[in-house]
Amino acid sequence: MRSRKCATCGKAIARDVATFPFCSPRCRAADLHRWLEGAYAIPSVETPFPSPDTPREVPES
């Protein structure tokens, strides 16, 4: 069987463990905590929505 590394600590684990892809419930909980605090957020550039009072540009025909 091919072993893999824990997604949190890097320890070698077998693919058939109950906590895959983590080596233990502790590593699984640590990963969940990172998700919940926003450590894995994907950076993006937010564009502001135009105000309803802002005139729209009309394309010339």
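Side notes on the structure shown:
- Residue pairs whose Cβ atoms lie under 6 Å apart, sitting 6 or more positions apart in sequence or on different chains, and linking a residue in the range 29-56 that is without any contact (Cβ under 8 Å) to a residue 12 or more places away in the chain to a partner that is surrounded by 10 or more Cβ atoms within 10 Å (Cβ to Cβ) and part of a loop (DSSP other than H, G, I, E, B), do not occur here.
- Breaking point among (1) surrounded by 10 or more Cβ atoms within 10 Å (Cβ to Cβ); (2) under 22 Å from the mean Cα position of the chain (by Cα), for Tyr40: (1)
Coordinate-derived values only; no laboratory data. Since the model is a prediction, treat every value here as computed from it, not as a measurement. When we count neighbours, we look across all protein chains shown, and the Cβ atoms used for this are built from the backbone with ideal geometry, even at glycine.
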